[in-house]
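**Student:** Structure provided below as structure tokens; questions to follow.
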Amino acid sequence: NAKTFPLGIGCVVAYAQKEIGDFLATELFKLPKDLDEALSTKIPDLLCLSNYSWNFRLAYRFAQLAKEKKPDLIIVMGGPNYPLDEEKKVDFLKKNHLIDFYISNEGEEGFVDLLRKLKNNNLDAKIIKSKEESIINCEYLHEGRLIQGANKRIEDLDLIPSPYISGVFDDFFNFPLIPIFETTRGCPFACTFCSDGIDFKSRIFRYSEARTDQTLEYI
């Protein structure tokens with residue numbers, strides 16, 4: 001129902017392609033029917049799912065169906081529909097035990113750090129968990145305990161390639177979707193109903209005007 005380009009996953013993929021493109025082959029999906037069709041023919045090594053209040057059950061159902069076909073599939077989830085309290089995080093990950101890794105806060109560096117750890121461990125999530133490796137902006141359970149990496153933000157936002165200019169979103173222009181983009185990240189307000197209201201996100205960082213102009217021109 002959110003009829004916009006999937007900006008979050010687009011930025012994550014564009015950054016990952018820049019940082020570790022030789023290891024990464026990606027397909028992005030917006031519509032459930034397209035993901036369903038893709039998973040009917042091939043299950044990837046990683047299935048990465050966004051978690052918003054309106055799509056969590058649907059995303060988790062995809063994780064269940066894919067895991068049934070490929071039990072060693074690694075499920076990565078990220079997004080703002082996730083607890084802030086440590087005890088509630090443990091409850092969430094225990095209840096939704098198919099999630100191998102949860103990337104909280106900004107996804108770009110966390111996803112790349114996770115990919116590098118997986119690359120160094122032969123795509124074996126169990127090895128990473130057994131060593132309780134610290135992964136930036138990433139959390140997971142090992143023997144019922146929450147393992148948390150350092151929280152980190154990207155201050156120079158121009159380090160994130162535009163998912164439009166880099167071509168990541170080219171196919172999405174074929175859909176009746178509205179292109180969206182950020183000019184800043186962070187918020188000085190502390191609204192308790194918003195995931196950006198935490199102190200960690202209170203500083204505002206801005207994309208350069210040149211990048212914003214180039215993105216608008218491309219769109």
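**Student:** Looking at region 86-105, I want the residues that are at pLDDT below 95 and have a partner that is part of a helix (DSSP H, G or I) with Cβ atoms under 8 Å, at least 6 apart or on another chain. Which pairs are those?
**Tutor:** Filtered contacts from region 86-105: Ser104/Gly110; Asn105/Phe200; Asn105/Lys201.
**Student:** Based on this model, can you work out whether Ile135 counts as in a loop (DSSP other than H, G, I, E, B), touching a Leu at 6+ places or on another chain (Cβ under 8 Å) and exposed (fewer than 14 other Cβ atoms within 10 Å of the Cβ)?
**Tutor:** So Ile135 fails the test.
**Student:** Which members of region 155-166 meet the condition of being in contact with a helix residue (DSSP H, G or I) (Cβ under 6 Å, 6 or more places away or on another chain) and of a type outside the set (D, E, K, R)?
**Tutor:** Hits for region 155-166 are Ile160, Pro161, Ser162, Pro163, Tyr164, Ile165, Ser166.
**Student:** Now for a different question. Please name all residue pairs, on different chains or six or more residues apart, with Cβ atoms under 7 Å, provided the first residue is in region 13-42 and is more than 23 Å from Asn174 (Cα to Cα) and in contact (Cβ under 8 Å) with a residue 24 or more places away in the chain and the second residue is polar (S, T, N, Q) and part of a helix (DSSP H, G or I).
**Tutor:** Every condition considered, the pairs that remain are Leu24/Gln17.
**Student:** Is it the case that region 150-169 has a residue that's farther than 24 Å from Gly21 by Cβ, of a type outside the set (Ser, Thr, Tyr) and open to solvent by 30 Å² or more (accessible area, probe 1.4 Å)?
**Tutor:** Yes.
The values are calculated or read from the model by the stated rules, or taken from the named source; none is laboratory data. If you're wondering where the values come from, they're calculated on a predicted model, not measured in any experiment. With ideal geometry, Cβ positions are generated from the backbone for all residues, glycine too; neighbour counts draw on all protein chains shown. These accessible areas exclude ligands, DNA and RNA; they are computed on the full protein's heavy atoms, side chains included. Shrake-Rupley method; radii C 1.70, N 1.55, O 1.52, S 1.80 Å.
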